[in-house]
Every structure is written in structure tokens, then in C-alpha cells.
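Asker: Sharing a structure, written as C-alpha cells. Questions coming.
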Amino acid sequence: MQESTWIESRGYKILSILEYDKDENKGKNLVVLIHGFVGTKIEPHRMYKKLSERLSKIGYSVVRFDFVGSGDSEGDFKNMTISGEIEDGINVIEYYKKEFNTEKLYILGFSMGGCVASILASKVNSDGLVLWSPVSNPFWNFYNLLSHDEFLKGIKGNDIDYLGDVVGKDFFNELLYINPLEYAKNYKNPVLIIQGSGDCDVLPINSYCYNMVFPNSSVHIIENADHCYSSAAFEKELLNCSVDYFLKNKDKQKCIEAYN
């Protein structure tokens, strides 16, 4: 079952979708998915939708939402900042925690969403965290992702065009001061980090940095996988590994169902 909800954040309305299998499981064990830079609540080749369906089969309630200025939510992407996305994430999580008697809260983030998720996990005290190809240092990661000239334009106070999306100067103004590793070192709950060895957008060094800093983490490397896990085999390994993390407290029958 799916339910869509509009949630207020920073003066805008965010579209959020909650997916669950049975009413008795609704909101009890919550997984919040955090999308990446210029991403949406679906993500490439519907990775978030597919994960949501599988997790709901094993009793989780899964939240997918679009940040302000992204996807179906209100706002202008030009005003996007990492700190703003952290605020959106807190507002979404608080909404669902008030709505339901949530017993366990988990967060999963992809790419820049991994940076946001790492900070969120500490701020809301989540019970666990999963990171896909996470950004550990926004400043040098966006130098790597953008062209040299475009990055320099941004840090000099200009808006830039990234594949049709306007990235505003406010995004660049705070890049140097966003440090998810500072939050990671104090986060004691279990963390799973998944990384493609062939990722040229968010280099594997990011995942190794996180693994060195988180007190309780492990890294799973998907050989030759690119940033978006752009093959059926890469996606299968990504989703299977992620589901395994959430299966620890579930019975074997539901484990079998999740793979069918």
C-alpha cells in the first residue's frame, strides 16, 4: 500500500510517499530514503521504488520524498543547499514519528543524499544507517563532479547550469563548511556502506573515509559498478545487500519472500 502526503518544510510543501504492507506494520519500523543531487524520490532506474517494495514485504514502512525544489515538491531547485535538505529531512522524519508509534528508525542515502543522511542520522538518533556511494567531502567532490570552470564560477558567487538544473550560489557558499565526517565519528549504531569500484562521480575514497570514521561500519564493494549501478547485475547486488542489512530481525520466511 502507498499513501502520499504533503509535509511543510521551510515554507514549502514536500511530497512524501509512505509504502507498507499491512496496517499493523504501518510506521512501526520506518526507513527513510534520502535522494541525491538533482535526484528524486524514485532515483535512476527506479532503485528507490524497487527497494521500497522489497522492504515493505518484510514489514518495514518506507518513506520516499522529494526535497524542496526537487521532483514533485514545491520550490525552486536554484535555492537548493545541503543544510536546507537536512532541514527537510528532519521535518519529514518528525512528521512521521508524531504520526505513528515508531519503534525503529533507519535512514538510507544515495550520493549527496549519503552526506545528508550521515548528518541526519546523528541529529535524529536513528537506529541504523545505509549509504550508497556517499559523498564524504562536498567541496572536493563537487570539484570532481563539475568542470573546473563551472566549479570556479560557483565558488566565486555565481549560479551555474548543471545538465539543465540551475545550481545557486548559496549551494557553493556553504560547501566548505559541510562536514558529515564530524557527525560520523560520534554515531555508534550499525552502518552499511555500499560502493561501486568503477564510480567516477563519487570516488570510492569517500566510502573508505566513512568506514574509517564510523565506529561501527562495514563496506561492501560492487566490482566495476558505476555511480548509478547502471546494469541489472549491479542493481541486484546493491538491493540484495541493502535488504540483507534490514533482514537481521526478520524471520526466514520473509527473507525468502523479499527475494521473489
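No value in this document is a laboratory result; all are computed from the given coordinates. No experiment lies behind these values; they were computed from the predicted model shown. All Cβ positions, even for glycine, are placed from backbone atoms using ideal geometry, and neighbour counts span all protein chains on display.
Asker: Placing +1 at every Lys and Arg Cβ and -1 at every Asp and Glu Cβ, with all other atoms neutral, what dipole size does the chain have around its Cα centre, in debye to the nearest 20? Write out the running numbers ahead of the final one.
Answerer: Numbers: 27 positive and 36 negative charges, 163 e Å.
Result for the chain is approximately 780 debye, rounded to the nearest 20.
Asker: With +1 on each Lys and Arg Cβ and -1 on each Asp and Glu Cβ, how big is the dipole of the range 6-85 about its Cα centre, in debye rounded to the nearest 20? Mind showing how you got there, number by number?
Answerer: Working: 13 positive and 12 negative charges, 52 e Å.
For this selection, approximately 260 debye.
Asker: Based on the Kirkwood radius over alpha-carbon pairs, what is the Stokes-Einstein translational diffusion coefficient of the chain at 4 °C with 1.567 mPa s viscosity, in µm²/s?
Answerer: Values: Rh = 18.3 Å.
Translational diffusion coefficient: 71 µm²/s.
Asker: Put one equal scatterer on each alpha carbon of the range 137-260, apply the Debye formula with no solvent term, and list log10 I(q)/I(0) at q = 0.17, 0.19 1/Å to two decimals.
Answerer: -1.01, -1.11
Asker: Another question, then. Between LYS188 and LEU152, what length comes free when the chain is fully extended (0.36 nm per residue of separation minus the Cα-Cα distance, one decimal in nm)?
Answerer: Details: separation 36, 0.36 × 36 = 12.96 nm, distance 3.70 nm.
Roughly 9.3 nm would be gained on extension.
Asker: Relative contact order for the range 19-100: what percent, with Cα pairs under 8 Å and sequence separation of 6 or more? Working shown, then result.
Answerer: Details: 109 pairs, mean separation 26.5, N = 82.
Answer for the range 19-100 is 32 percent.
Asker: Tabulate in residue order the Karplus-calculated ³J(HN,Hα) for the range 214-226, using 6.51 cos²θ - 1.76 cosθ + 1.60 with θ = phi - 60°, rounded to whole Hz; enter x for Gly and Pro.
Answerer: 3J(HN,Hα) across the range 214-226, in whole Hz: 4, x, 9, 9, 9, 10, 10, 9, 9, 4, 6, 5, 7.
Asker: About its Cα centre, how strong a charge dipole does the range 68-143 have in debye, to the nearest 20, once Lys and Arg get +1 and Asp and Glu get -1 at the Cβ? If you can, show how the numbers build up before the last one.
Answerer: Details: 5 positive and 10 negative charges, 51 e Å.
Using only the charged Cβ atoms, the result is roughly 240 debye.
Asker: Under 1.5 on a/c is rounded, so check that first for the range 31-185, then, if it is not, pick prolate when a/b is larger than b/c and oblate when it is not; a ≥ b ≥ c are the square roots of the alpha carbon gyration tensor eigenvalues. Provide the component values of the computation, followed by the final result.
Answerer: Working: a/c = 1.97, a/b = 1.70, b/c = 1.16.
Verdict is prolate for the range 31-185.
Asker: Once the cut-off is 20 Å, how many percent of the Cα-Cα pairs in the range 110-187 end up in the long-distance tail?
Answerer: Details: 1075 of 3003 pairs.
Value for the range 110-187: 36 percent of Cα pairs lie more than 20 Å apart.
Asker: Scan the range 198-247 for chymotrypsin sites (Phe, Trp or Tyr not before Pro) in coil per DSSP, keeping those whose Cβ has at most 12 other Cβ atoms within 10 Å, and list them by number.
Answerer: Details: sites: TYR208, TYR210, TYR229, PHE234, TYR245, PHE246; in loops: TYR229.
Passing sites in the range 198-247 do not exist.
Asker: May I ask which residue of TYR143, ILE58, ALA121 lies farthest towards the positive end of the charge dipole of the chain, with charges of +1 (Lys, Arg) and -1 (Asp, Glu) on Cβ and the Cα centre as origin?
Answerer: It is ILE58, whose Cα lies furthest towards the positive end.
Asker: Would you compute the Debye intensity of the range 185-246 from its alpha-carbon atoms alone, equal scatterers and no solvent, and pass along log10 I(q)/I(0) at q = 0.17, 0.25, 0.28, 0.29 Å⁻¹ to two decimals?
Answerer: -0.57, -1.04, -1.16, -1.19
Asker: If I require 24 Å or longer along the helix axis, counting alpha carbons, and a Kyte-Doolittle average no lower than -1.0, what helices from the chain are left? Use full DSSP H segments.
Answerer: Numbers: long enough: 82-99 (26 Å, -0.60).
Once both thresholds are applied, what remains is 82-99.
Asker: Taking amide H positions as placed in the peptide plane 1.01 Å from N, state which residues far from ILE34 in sequence (5 or more) or on other chains have amide H under 5 Å from it.
Answerer: Residues meeting the criterion, in which the H sits 1.01 Å from N, are LEU108, GLY109, PHE110.
Asker: Here's something else I'd like to know. Relative to the present Cα-Cα distance, how much length would full extension add between ASP170 and ASN101 at 0.36 nm per residue of separation?
Answerer: Contour length minus Cα-Cα distance gives 21.1 nm.
Asker: Give me the Å³ per residue figure for the convex hull around the C-alpha atoms of the range 1-92. Provide the component values of the computation, followed by the final result.
Answerer: Details: hull volume 7.6 nm³, N = 92.
In the range 1-92, the Cα convex hull volume per residue is 83 Å³.
Asker: Sticking with this one: Put +1 on the Cβ of every Lys and Arg and -1 on every Asp and Glu Cβ in the chain; which of ILE82, LEU18, TRP6 then has its Cα farthest towards the positive end of the dipole?
Answerer: LEU18
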